[in-house]
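A.B. asks: The following block contains the structure, expressed as C-alpha coordinates.
The values are calculated or read from the model by the stated rules, or taken from the named source; none is laboratory data. Values in this document were obtained by computation on a predicted structure and should not be read as measured data. Because the Cβ atoms are built from the backbone with ideal geometry, glycine has one as well, and the counts that use them run over all protein chains shown.
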Amino acid sequence: MVLKLENVALRRGGKWILQNINWQIESGQHWVLFGLNGAGKTAILNLLNAYYFPTHGKVNVLGMEFGKTYLAERLRKQIGFVSSSLQEKFHPGDNAFEVVLSGAYASIGLYETPTDDIRKKAVELLENLGCIEYANRNYETLSQGEKQRVLIARALMAEPPLLILDEPTNGLDFIARESLLEAIEGIAQKPDGPTMIYVTHHVEEILPAFGKTLLLRDGKVFAAGNTREMISSNKLSSFFQIPVDVLWHNNRPLLSKIQ
Ligand SMILES: Nc1ncnc2c1ncn2[C@@H]1O[C@H](COP(=O)(O)OP(=O)(O)OP(=O)(O)O)[C@@H](O)[C@H]1O
Ligand SMILES: [Mg+2]
(Lines give C-alpha, C1' and ligand atoms only; values in the text may rest on other atoms or scores of the structure.)
(Ligands and ions follow the chains in the order given, each with its own letter.)
Protein backbone atom coordinates (compact mmCIF):
# COMPACT_ATOMS: atom_id res chain seq x y z
CA MET A 1 0.00 0.00 0.00
CA VAL A 2 1.27 3.44 -0.95
CA LEU A 3 -1.07 5.61 1.04
CA LYS A 4 -4.04 5.43 3.32
CA LEU A 5 -6.06 8.34 4.64
CA GLU A 6 -8.65 7.40 7.27
CA ASN A 7 -11.36 9.87 8.31
CA VAL A 8 -8.97 12.73 7.77
CA ALA A 9 -10.08 16.25 8.58
CA LEU A 10 -8.09 19.46 8.42
CA ARG A 11 -8.92 22.77 10.03
CA ARG A 12 -6.92 25.89 9.17
CA GLY A 13 -7.62 29.54 9.92
CA GLY A 14 -10.89 28.70 11.71
CA LYS A 15 -12.26 26.82 8.70
CA TRP A 16 -12.72 23.14 7.86
CA ILE A 17 -10.72 22.67 4.67
CA LEU A 18 -10.99 18.87 4.54
CA GLN A 19 -13.54 16.59 6.16
CA ASN A 20 -13.99 12.86 6.41
CA ILE A 21 -11.39 11.98 3.75
CA ASN A 22 -10.92 8.26 3.14
CA TRP A 23 -8.51 7.33 0.37
CA GLN A 24 -6.38 4.27 -0.24
CA ILE A 25 -3.79 3.86 -2.99
CA GLU A 26 -2.28 0.49 -3.78
CA SER A 27 1.14 0.14 -5.34
CA GLY A 28 0.98 0.17 -9.15
CA GLN A 29 -2.20 2.26 -9.31
CA HIS A 30 -2.17 5.71 -10.84
CA TRP A 31 -4.70 8.21 -9.51
CA VAL A 32 -6.18 11.47 -10.68
CA LEU A 33 -7.12 13.89 -7.92
CA PHE A 34 -9.82 16.00 -9.50
CA GLY A 35 -11.59 19.04 -8.08
CA LEU A 36 -12.50 22.64 -8.75
CA ASN A 37 -10.55 25.64 -7.44
CA GLY A 38 -10.60 25.66 -3.67
CA ALA A 39 -11.77 22.04 -3.34
CA GLY A 40 -8.81 21.17 -1.12
CA LYS A 41 -6.45 19.39 -3.55
CA THR A 42 -3.34 21.29 -2.49
CA ALA A 43 -4.36 20.84 1.16
CA ILE A 44 -4.37 17.05 0.64
CA LEU A 45 -0.93 17.22 -1.00
CA ASN A 46 0.37 19.24 1.95
CA LEU A 47 -0.85 16.47 4.25
CA LEU A 48 0.87 13.82 2.14
CA ASN A 49 4.13 15.76 2.21
CA ALA A 50 3.81 16.26 5.98
CA TYR A 51 3.65 20.04 5.68
CA TYR A 52 0.21 19.94 7.35
CA PHE A 53 -0.75 17.71 10.23
CA PRO A 54 -4.32 16.31 10.21
CA THR A 55 -6.71 17.80 12.77
CA HIS A 56 -8.47 14.40 12.91
CA GLY A 57 -7.86 10.98 11.45
CA LYS A 58 -4.87 9.01 10.27
CA VAL A 59 -2.47 9.70 7.42
CA ASN A 60 -0.19 6.86 6.38
CA VAL A 61 2.16 7.44 3.44
CA LEU A 62 4.65 4.80 2.29
CA GLY A 63 4.24 2.93 5.55
CA MET A 64 4.91 5.97 7.71
CA GLU A 65 2.11 7.03 9.99
CA PHE A 66 2.14 10.67 10.95
CA GLY A 67 2.21 11.36 14.64
CA LYS A 68 3.62 7.91 15.45
CA THR A 69 6.77 7.94 13.38
CA TYR A 70 6.95 11.56 12.43
CA LEU A 71 9.65 11.41 9.82
CA ALA A 72 8.85 14.35 7.59
CA GLU A 73 12.36 14.64 6.17
CA ARG A 74 12.67 10.94 5.37
CA LEU A 75 9.20 10.88 3.89
CA ARG A 76 9.77 13.87 1.61
CA LYS A 77 12.86 12.22 0.15
CA GLN A 78 10.64 9.37 -1.03
CA ILE A 79 8.01 11.52 -2.68
CA GLY A 80 8.74 13.11 -6.03
CA PHE A 81 6.79 16.32 -6.19
CA VAL A 82 6.36 18.53 -9.24
CA SER A 83 4.27 21.66 -9.11
CA SER A 84 4.38 24.95 -10.93
CA SER A 85 4.93 26.70 -7.59
CA LEU A 86 8.28 24.91 -7.14
CA GLN A 87 9.63 26.58 -10.27
CA GLU A 88 10.66 29.84 -8.68
CA LYS A 89 12.96 28.32 -6.10
CA PHE A 90 16.08 27.43 -8.12
CA HIS A 91 19.39 29.21 -8.10
CA PRO A 92 19.52 31.79 -10.88
CA GLY A 93 22.70 30.51 -12.58
CA ASP A 94 21.89 26.77 -12.63
CA ASN A 95 21.53 25.03 -15.95
CA ALA A 96 18.94 22.32 -16.61
CA PHE A 97 21.47 19.52 -16.07
CA GLU A 98 22.40 20.88 -12.62
CA VAL A 99 18.75 21.22 -11.66
CA VAL A 100 18.20 17.55 -12.55
CA LEU A 101 21.38 16.46 -10.70
CA SER A 102 20.23 18.27 -7.55
CA GLY A 103 17.27 15.86 -7.45
CA ALA A 104 19.64 13.08 -6.39
CA TYR A 105 20.32 14.96 -3.17
CA ALA A 106 16.81 16.35 -2.62
CA SER A 107 18.40 19.79 -2.45
CA ILE A 108 17.65 23.07 -4.16
CA GLY A 109 21.00 23.78 -5.77
CA LEU A 110 23.99 21.50 -6.12
CA TYR A 111 26.37 21.27 -3.15
CA GLU A 112 27.97 17.91 -3.72
CA THR A 113 30.08 16.56 -6.55
CA PRO A 114 27.88 14.10 -8.44
CA THR A 115 29.31 10.65 -9.11
CA ASP A 116 29.60 9.33 -12.68
CA ASP A 117 26.59 7.06 -12.08
CA ILE A 118 24.48 10.00 -10.99
CA ARG A 119 25.54 12.05 -14.01
CA LYS A 120 24.74 9.12 -16.30
CA LYS A 121 21.29 8.74 -14.76
CA ALA A 122 20.59 12.45 -15.16
CA VAL A 123 21.52 12.27 -18.85
CA GLU A 124 19.23 9.23 -19.30
CA LEU A 125 16.30 11.03 -17.67
CA LEU A 126 16.90 14.18 -19.71
CA GLU A 127 16.82 11.98 -22.82
CA ASN A 128 13.66 10.10 -21.71
CA LEU A 129 11.84 13.34 -21.10
CA GLY A 130 13.01 14.84 -24.36
CA CYS A 131 15.03 17.65 -22.82
CA ILE A 132 18.61 16.67 -23.56
CA GLU A 133 19.00 19.39 -26.20
CA TYR A 134 18.59 22.11 -23.61
CA ALA A 135 20.52 20.39 -20.79
CA ASN A 136 23.21 23.09 -20.83
CA ARG A 137 20.83 26.01 -21.00
CA ASN A 138 20.24 28.23 -18.00
CA TYR A 139 17.10 26.86 -16.33
CA GLU A 140 15.60 30.33 -15.99
CA THR A 141 15.66 30.87 -19.75
CA LEU A 142 13.58 27.76 -20.50
CA SER A 143 9.91 27.95 -21.44
CA GLN A 144 7.22 26.74 -19.00
CA GLY A 145 6.88 23.41 -20.80
CA GLU A 146 10.63 22.84 -20.93
CA LYS A 147 10.91 23.67 -17.22
CA GLN A 148 8.20 21.18 -16.31
CA ARG A 149 10.04 18.39 -18.14
CA VAL A 150 13.27 19.26 -16.33
CA LEU A 151 11.41 19.22 -13.00
CA ILE A 152 9.94 15.79 -13.68
CA ALA A 153 13.40 14.47 -14.59
CA ARG A 154 14.69 16.04 -11.37
CA ALA A 155 11.95 14.37 -9.30
CA LEU A 156 12.75 10.97 -10.84
CA MET A 157 16.47 11.18 -9.93
CA ALA A 158 15.76 9.96 -6.40
CA GLU A 159 13.71 7.00 -7.77
CA PRO A 160 10.75 7.90 -5.57
CA PRO A 161 8.11 5.20 -5.01
CA LEU A 162 5.49 7.98 -5.25
CA LEU A 163 5.42 10.81 -7.80
CA ILE A 164 2.92 13.65 -7.38
CA LEU A 165 2.24 16.03 -10.26
CA ASP A 166 0.28 19.13 -9.19
CA GLU A 167 -1.22 20.73 -12.31
CA PRO A 168 1.97 20.20 -14.34
CA THR A 169 0.45 21.58 -17.55
CA ASN A 170 -0.31 25.04 -16.11
CA GLY A 171 0.49 27.69 -18.67
CA LEU A 172 1.27 25.27 -21.50
CA ASP A 173 -0.11 25.57 -25.03
CA PHE A 174 -1.86 22.60 -26.66
CA ILE A 175 1.26 21.14 -28.30
CA ALA A 176 3.46 21.59 -25.22
CA ARG A 177 0.72 20.14 -23.03
CA GLU A 178 0.17 17.09 -25.20
CA SER A 179 3.85 16.35 -25.48
CA LEU A 180 4.33 16.68 -21.72
CA LEU A 181 1.31 14.39 -21.19
CA GLU A 182 2.89 11.86 -23.55
CA ALA A 183 6.05 11.86 -21.42
CA ILE A 184 3.95 11.41 -18.27
CA GLU A 185 2.01 8.53 -19.83
CA GLY A 186 5.39 6.95 -20.69
CA ILE A 187 6.50 7.10 -17.05
CA ALA A 188 3.14 5.78 -15.84
CA GLN A 189 3.30 2.80 -18.21
CA LYS A 190 6.70 1.66 -16.89
CA PRO A 191 6.25 -1.47 -14.77
CA ASP A 192 9.07 -0.44 -12.40
CA GLY A 193 8.05 3.23 -12.35
CA PRO A 194 6.58 5.15 -9.41
CA THR A 195 2.95 5.18 -8.33
CA MET A 196 1.58 8.49 -9.56
CA ILE A 197 -0.98 11.06 -8.42
CA TYR A 198 -2.00 13.60 -11.04
CA VAL A 199 -3.77 16.67 -9.68
CA THR A 200 -5.88 18.70 -12.06
CA HIS A 201 -9.08 20.60 -12.67
CA HIS A 202 -9.09 19.78 -16.39
CA VAL A 203 -10.85 16.59 -17.48
CA GLU A 204 -9.08 16.70 -20.86
CA GLU A 205 -5.71 15.97 -19.23
CA ILE A 206 -6.70 12.61 -17.82
CA LEU A 207 -4.44 9.99 -19.37
CA PRO A 208 -5.22 6.32 -20.08
CA ALA A 209 -2.70 5.06 -17.48
CA PHE A 210 -4.59 6.87 -14.71
CA GLY A 211 -7.19 4.20 -14.06
CA LYS A 212 -8.42 5.61 -10.74
CA THR A 213 -9.93 8.98 -9.90
CA LEU A 214 -10.93 10.74 -6.71
CA LEU A 215 -13.48 13.54 -7.12
CA LEU A 216 -13.01 16.12 -4.41
CA ARG A 217 -15.66 18.74 -3.74
CA ASP A 218 -15.79 21.31 -0.94
CA GLY A 219 -13.15 19.46 1.05
CA LYS A 220 -15.00 16.13 0.89
CA VAL A 221 -14.68 13.00 -1.23
CA PHE A 222 -17.60 13.22 -3.64
CA ALA A 223 -16.72 9.83 -5.18
CA ALA A 224 -13.68 7.65 -5.85
CA GLY A 225 -13.12 4.66 -8.10
CA ASN A 226 -12.45 3.68 -11.68
CA THR A 227 -11.77 6.69 -13.89
CA ARG A 228 -14.28 5.55 -16.53
CA GLU A 229 -17.05 5.57 -13.92
CA MET A 230 -15.96 8.80 -12.25
CA ILE A 231 -15.43 10.74 -15.48
CA SER A 232 -18.88 10.07 -16.91
CA SER A 233 -21.77 12.36 -17.87
CA ASN A 234 -23.91 11.27 -14.93
CA LYS A 235 -21.28 11.48 -12.27
CA LEU A 236 -19.83 14.80 -13.39
CA SER A 237 -23.26 16.40 -13.87
CA SER A 238 -24.00 15.82 -10.20
CA PHE A 239 -20.42 16.72 -9.25
CA PHE A 240 -20.55 20.09 -11.04
CA GLN A 241 -24.28 20.52 -10.33
CA ILE A 242 -24.85 21.50 -13.95
CA PRO A 243 -25.66 19.14 -16.83
CA VAL A 244 -22.51 18.12 -18.71
CA ASP A 245 -21.61 15.61 -21.38
CA VAL A 246 -18.48 13.47 -21.29
CA LEU A 247 -17.32 11.91 -24.51
CA TRP A 248 -14.47 9.39 -24.48
CA HIS A 249 -12.44 9.61 -27.65
CA ASN A 250 -8.99 8.13 -28.34
CA ASN A 251 -8.97 6.91 -24.72
CA ARG A 252 -9.26 10.48 -23.44
CA PRO A 253 -12.32 12.27 -22.03
CA LEU A 254 -13.80 15.44 -23.51
CA LEU A 255 -16.14 17.57 -21.43
CA SER A 256 -18.82 20.00 -22.55
CA LYS A 257 -21.74 21.74 -20.92
CA ILE A 258 -25.22 20.81 -22.12
CA GLN A 259 -26.90 24.04 -23.27
N1 LIG B 1 -3.83 28.06 5.74
C2 LIG B 1 -5.10 28.28 5.36
N3 LIG B 1 -5.94 29.05 6.09
C4 LIG B 1 -7.21 29.26 5.71
N5 LIG B 1 -7.75 28.75 4.59
C6 LIG B 1 -6.97 28.00 3.81
C7 LIG B 1 -5.61 27.71 4.14
N8 LIG B 1 -5.09 26.92 3.16
C9 LIG B 1 -6.09 26.72 2.27
N10 LIG B 1 -7.21 27.38 2.65
C11 LIG B 1 -8.53 27.35 1.96
O12 LIG B 1 -8.91 26.01 1.83
C13 LIG B 1 -9.57 25.78 0.59
C14 LIG B 1 -8.85 24.68 -0.20
O15 LIG B 1 -7.63 25.21 -0.71
P16 LIG B 1 -6.67 24.40 -1.68
O17 LIG B 1 -5.52 25.29 -1.97
O18 LIG B 1 -6.37 23.08 -1.09
O19 LIG B 1 -7.59 24.24 -2.99
P20 LIG B 1 -7.24 23.56 -4.38
O21 LIG B 1 -8.22 22.45 -4.58
O22 LIG B 1 -5.80 23.22 -4.44
O23 LIG B 1 -7.60 24.72 -5.42
P24 LIG B 1 -6.88 25.17 -6.80
O25 LIG B 1 -7.41 24.28 -7.86
O26 LIG B 1 -7.35 26.57 -6.97
O27 LIG B 1 -5.40 25.07 -6.60
C28 LIG B 1 -9.62 27.13 -0.10
O29 LIG B 1 -10.87 27.72 0.17
C30 LIG B 1 -8.49 27.91 0.57
O31 LIG B 1 -8.74 29.29 0.55
MG1 LIG C 1 -4.18 23.84 -5.66
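A.B. asks: Looking at (1) acidic (Asp, Glu); (2) within 22 Å of Gly145 (Cα to Cα); (3) in contact with a Lys or Arg (Cβ under 7 Å, 6 or more places away or on another chain), which is the one condition that is false for Glu185?
C.D. replies: Failed condition: (3).
A.B. asks: Within region 221-252, track down each residue that is loosely packed, with under 13 Cβ neighbours inside 10 Å and of a type in the set (Gly, Ala, Ser).
C.D. replies: Scanning region 221-252 gives no hits.
A.B. asks: List pairs: first in region 146-174 and within 16 Å of Glu124 (Cα to Cα) and in contact (Cβ under 8 Å) with a residue 40 or more places away in the chain, second of a type in the set (A, V, I, L, M) and within 16 Å of ligand 2 (Cβ to nearest atom), Cβ under 9 Å, 6+ apart or cross-chain?
C.D. replies: The qualifying pairs are Leu151/Val82; Leu151/Leu86; Ile152/Val82; Ile152/Leu165; Arg154/Val82; Ala155/Val82; Ala155/Ile164; Ala155/Leu165.
Yes/no matrix, rows are residues, columns are (1) at pLDDT below 95; (2) of a type in the set (A, V, I, L, M):
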position	(1), (2)
Ala9	no, yes
Leu18	no, yes
Ile21	no, yes
Ile25	no, yes
His30	no, no
Leu33	no, yes
Ile44	no, yes
Tyr51	yes, no
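A.B. asks: For the subset of region 66-80 comprising residues that are of a type outside the set (A, V, I, L, M) and crowded, with 19+ Cβ neighbours inside 10 Å, which member is modelled with the highest pLDDT?
C.D. replies: Restricting to residues being of a type outside the set (A, V, I, L, M) and crowded, with 19+ Cβ neighbours inside 10 Å, the top hit is Gly80.
A.B. asks: Further, regarding this structure: Hey, does region 242-258 have a residue that's touching a Pro at 6+ places or on another chain (Cβ under 6 Å) and touching a residue at least 60 places away in the same chain (Cβ under 8 Å)?
C.D. replies: Looking only at region 242-258, we keep the residues that are touching a Pro at 6+ places or on another chain (Cβ under 6 Å), and these are 246, 251, 258.
Within this subset, residues satisfying the condition of being touching a residue at least 60 places away in the same chain (Cβ under 8 Å) are none.
The answer is no, given that none of the residues of region 242-258 is touching a Pro at 6+ places or on another chain (Cβ under 6 Å) and touching a residue at least 60 places away in the same chain (Cβ under 8 Å).
A.B. asks: Let me ask something additional. Looking at region 55-65, is at least one residue more than 17 Å from Thr195 (Cα to Cα), within 16 Å of ligand 2 (Cβ to nearest atom) and either modelled with pLDDT of 90 or more or buried (at least 19 other Cβ atoms within 10 Å of the Cβ) (or both)?
C.D. replies: No, because not a single residue in region 55-65 is more than 17 Å from Thr195 (Cα to Cα), within 16 Å of ligand 2 (Cβ to nearest atom) and either modelled with pLDDT of 90 or more or buried (at least 19 other Cβ atoms within 10 Å of the Cβ) (or both).
A.B. asks: When you go through (1) of a type in the set (Lys, Arg); (2) in contact (Cβ under 8 Å) with a residue 40 or more places away in the chain; (3) near ligand 1 (Cβ under 10 Å from one of its atoms) one by one for Lys58, which number turns out not to apply?
C.D. replies: Here Lys58 meets the rest and fails (3).
A.B. asks: Conditions: (1) away from ligand 2 (no atom under 16 Å from the Cβ); (2) closer than 24 Å to Leu5 by Cα; (3) touching an Asp or Glu at 6+ places or on another chain (Cβ under 9 Å). Lys257 meets all but one. Number of the miss?
C.D. replies: Condition (2) is where Lys257 drops out.
A.B. asks: Is there a residue being acidic (Asp, Glu), out of contact with any Phe, Trp or Tyr (no Cβ under 9 Å at 6 or more places or on another chain) and over 30 Å from Gly63 (Cβ atoms) anywhere in region 150-167?
C.D. replies: For region 150-167, residues acidic (Asp, Glu), out of contact with any Phe, Trp or Tyr (no Cβ under 9 Å at 6 or more places or on another chain) and over 30 Å from Gly63 (Cβ atoms): absent.
A.B. asks: Which condition number in (1) within 16 Å of ligand 2 (Cβ to nearest atom); (2) crowded, with 18+ Cβ neighbours inside 10 Å is the one that Ile25 fails?
C.D. replies: (1) is the only condition that Ile25 fails.
A.B. asks: Another question, then. Go through (1) within 16 Å of ligand 1 (Cβ to nearest atom); (2) touching a helix residue (DSSP H, G or I) at 6+ places or on another chain (Cβ under 9 Å) for Asp218 and report which single condition fails.
C.D. replies: The single condition Asp218 does not satisfy is (2).
A.B. asks: Among the residues of region 231-259, count how many are part of a helix (DSSP H, G or I) and touching a helix residue (DSSP H, G or I) at 6+ places or on another chain (Cβ under 8 Å).
C.D. replies: Here the count works out to 2.
A.B. asks: Just to confirm my filter: which strands (runs of 3 or more DSSP E) fall fully inside region 1-83 and include at least 1 residues that are over 23 Å from Met230 (Cα atoms) and of a type in the set (Phe, Trp, Tyr)?
C.D. replies: Qualifying strands (runs of 3 or more DSSP E): 15-25, 79-83.
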